[in-house]
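The values are calculated or read from the model by the stated rules, or taken from the named source; none is laboratory data. As the structure is a computational prediction, the values presented were derived from the model and not from experiment. Backbone-built Cβ (ideal geometry, glycine too); neighbour counts: all protein chains shown. When the accessible area is computed, the model is the full protein with side chains, heavy atoms only, and any ligands, DNA or RNA have been set aside. Shrake-Rupley method; radii C 1.70, N 1.55, O 1.52, S 1.80 Å.
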Amino acid sequence: MTTGTNFSEDIQIDAKSITGIRVFEHEDRVSIYTAKGEIFRGKKDVFGPDIDAALQVFQDAGAELFPFPVYGPEGRDPLYTSYIRHHAITFARVGESQIKGYKNVQIGVDGMPGEHSHAIGKRELKPFYAALQLHHGSMRHYEAPSVVIAGTDTTYVHAWLVTHMQARADNTLHIQFGAGNDTVDLPVCDSHAQRVAKTLYQEELIENGSLRAYVEAESATEMHAIMEVLAGDIACYTPHIFQVPNALNTTYLPKAREAWLCCAGGGDTEQKILTLQTAETKPLALSLRFNTEADRKVAIQKISEEMNVRFVCSTPSCHP
């Protein structure tokens with residue numbers, strides 16, 4: 001391979017497959033990751049006496065790495081330094097550190113355990129922000145608080161690497177990347193109806209049961225609309241996922257992925273449930289809710305068209 005780097009007779013690595021490298025300066029240890037996970041762990045001297053020279057070899061071979069110093073919650077004592085490939089960033093979350101003048105930064109990396117630096121300086125953040133700029137439109141940026149995102153942290157989502165999204169009952173949009181456990185939750189802001197409800201609850205003015213039900217229903221409708229807009233913005237840059245129609249909990253699934261479907265029954269007054277699990281080493285298991293049996297049938301038809309589906313269902317009507 002022209003992109004290969006050969007540091008010894010036993011180690012040959014395709015630099016362009018690397019998503020991240022962790023260098024533990026105080027422990028004389030290094031770990032190398034690709035999208036498939038950790039592929040090497042050993043002493044730094046396996047690459048020769050100069051780790052910086054070795055990293056430069058990776059860079060020259062196309063690894064496109066930027067440095068990300070990792071500081072623990074105790075302060076500005078570095079635990080180790082990660083060198084992360086620009087296009088392997090799945091998400092990033094930036095907030096204020098407990099140490100004044102510094103930032104608290106979390107980064108998700110394809111195939112690599114997430115990085116969390118509790119007190120990173122402005123100068124150290126420059127390569128990180130430069131890396132985000134390389135993604136152009138596919139790195140979605142959500143400033144908080146806003147009319148969409150709650151909380152205090154700014155979140156970046158690499159839409160191209162998203163594999164599924166689903167709205168949660170706690171008013172967060174749960175996003176998963178890749179086949180592993182790399183996830184981020186986006187907290188959706190309070191809707192107008194929710195804020196009205198909170199005020200009424202606090203002032204004990206919502207004793208009327210029908211009024212309570214009305215406000216809660218309005219809140220659910222508004223939150224669903226906000227979630228739809230947020231998920232739709234990300235999905236615009238993610239052609240390999242599709243939206244499940246009619247789901248009350250907004251859901252996007254990956255196309256062309258093998259899956260089992262199982263339909264849960266329910267009476268005429270109950271919401272219809274559809275459970276799905278993928279046939280993989282780390283399976284994706286989801287529960288989707290629908291208002292009617294007809295809505296659920298439409299969703300099953302769409303999933304059948306987009307995914308390689310096996311039905312595990314005793315209800316014949318579930319099958320398209």
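Annotations for the structure displayed:
- Members of the range 160-170 found to be crowded, with 21+ Cβ neighbours inside 10 Å and out of contact with any Leu (no Cβ under 9 Å at 6 or more places or on another chain), listed by number: LEU161, VAL162
- Yes/no for ALA92 being closer than 22 Å to HIS158 by Cβ, among the aliphatic types (A, V, I, L, M), open to solvent by 50 Å² or more (accessible area, probe 1.4 Å) and in contact with a strand residue (DSSP E or B) (Cβ under 8 Å, 6 or more places away or on another chain): no
- One residue stands out in the range 222-270 among those that are of a type in the set (Ser, Thr, Tyr) and at pLDDT 90 or above: the one that is farthest from PHE177 (Cα to Cα), namely THR250.
- Residue match in the range 39-52 (condition: under 20 Å from PHE128 (Cβ atoms), in contact with a helix residue (DSSP H, G or I) (Cβ under 8 Å, 6 or more places away or on another chain) and of a type outside the set (Val, Ile, Thr)): no
- The set of residues from the range 226-249 being closer than 21 Å to THR155 by Cβ, among the hydrophobic types (A, V, I, L, M, F, W, C) and in contact with a Ser or Thr (Cβ under 8 Å, 6 or more places away or on another chain) comprises ILE226, MET227, ALA231, ILE241.
- Residue that is farthest from the chain's Cα centre (by Cα), among those in the range 111-150 that are within 17 Å of TYR80 (Cβ to Cβ) and part of a helix (DSSP H, G or I): GLU124
- Extreme residue, modelled with the lowest pLDDT, among residues of the range 133-154 that are under 21 Å from PRO239 (Cα atoms) and buried (at least 16 other Cβ atoms within 10 Å of the Cβ): HIS135
- Filter result for GLY108 (open to solvent by 20 Å² or more (accessible area, probe 1.4 Å), at pLDDT 80 or above and under 28 Å from the mean Cα position of the chain (by Cα)): no
- Residue check, ILE300 farther than 30 Å from CYS189 by Cβ, open to solvent by less than 30 Å² (accessible area, probe 1.4 Å) and either touching a Pro at 6+ places or on another chain (Cβ under 6 Å) or at pLDDT 90 or above (or both): yes
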